[in-house]
Amino acid sequence: MTTIAELPPGFVDKVLSAQSTFRSVMDAMARPGSVQRIVPMAGTPAAMMRGTAAIALTLFDHDTPIWLDAQLTESSDVVKWLKFHTGAPVVQDCSIASFALISDGATLPALKRFALGSNEYPDRSTTLIVQVDSLAAGRGFELRGPGIDGVATLQAAIRPADLFERLRVNEALFPRGIDVVLVADDAVVAIPRTARVANKGS
């Protein structure tokens, strides 16, 4: 059993690191498909990437219910670390989660199970944070939409392989929908609900 004293540390400089991480995430959201780096590093539990940990320390608090996939839920260190450093409640019902952390994309639940927001409060939807194998190699994708000058290209090795096909549900839901942040170590890419993604060349 890991004691509190044995848990990996959070940010060394909480304010500056949180500000820097927040800027990286906002830049990623403003420029869908662009790879942003998260510079401030925190200690991380084994199942959590450095970028995921930094985002958690920046965006989670006692008012943001979070849902963890099975792999993360089974890691008592992850649950303890999140509760100790962020105070965010871990919920079992993903439909009430503000954020969902996905360590193994192959087990991603159907998107309709998450909070999709309402027409009055479209921001009350779940943001998915999905850990992926690479944001520098893999299949090629083309993104279009607000914040993109023409077409943005992205290479990524992701699971589930049909993630972007699933996200097409956002077209029918808008202004409701699901925002996604992909994390590969310290690299992040945002796919907001306004972005349209297709396989490169299709």
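Excluding same-chain neighbours fewer than eight residues apart, the lysines reachable from residue 14 by a Cα-Cα span under 24 Å are 80, 83.
Ranked by the mean number of other Cβ atoms within 10 Å of their residues, highest first, the peptides 183-194, 93-104 fall in the order 183-194, 93-104. Among 52, 127, 107, the largest mean-square fluctuation in a Gaussian network model of the chain, built with springs joining Cα atoms closer than 10 Å, belongs to 107.
Quick one: putting +1 on the C-beta of Lys and Arg, -1 on the C-beta of Asp and Glu, what dipole do you get for the stretch 70-115 around its Cα centre, in Debye to the nearest 20?
Numbers: 4 positive and 4 negative charges, 31 e Å.
Roughly 140 debye for the stretch 70-115.
The largest accessible area among 120, 171 belongs to the first residue in 120, 171, and the rest follow in falling order (1.4 Å probe, all chains). Each Lys and Arg adds +1 at its Cβ and each Asp and Glu adds -1 at its Cβ; summed about the Cα centre, the chain shows a dipole of about 420 debye. Rolling a 1.4 Å probe over the heavy atoms of the protein chains gives the chain an accessible area of 48 Å² per residue. Think of it as helices only: each DSSP H run of n ≥ 4 in the chain is worth -39500 (n - 2.57), and spread over all residues that comes to -7000 deg cm²/dmol at 222 nm.
In the chain, a dipole from Cβ-located charges (positive for Lys and Arg, negative for Asp and Glu) runs towards its positive end, and of 22, 126, 141 it is 141 whose Cα lies farthest in that direction.
Converting phi to 3J(HN,Hα) with the Karplus coefficients 6.51, -1.76 and 1.60 and the offset θ = phi - 60°, the stretch 174-189 yields 3, x, 6, x, 10, 9, 10, 10, 8, 10, 10, 6, 9, 9, 10, 9 Hz in sequence order, with x at every glycine or proline. Out of these labelled values of Kirkwood radius over Cα pairs in Å, [x] 20.6; [y] 17.0; [z] 18.9, which was calculated from the coordinates shown here? Computed from the coordinates, Kirkwood radius over Cα pairs in Å corresponds to [y].
The values are calculated or read from the model by the stated rules, or taken from the named source; none is laboratory data. Only a predicted model underlies this, so the values are computations on that prediction, with no experimental measurement involved. As a convention, Cβ positions derive from the backbone with ideal geometry for all residues, glycine included, and neighbour counts pool all protein chains shown. We work out accessible area using only protein heavy atoms, side chains counted, and drop any ligands, DNA or RNA first. Shrake-Rupley method; radii C 1.70, N 1.55, O 1.52, S 1.80 Å.
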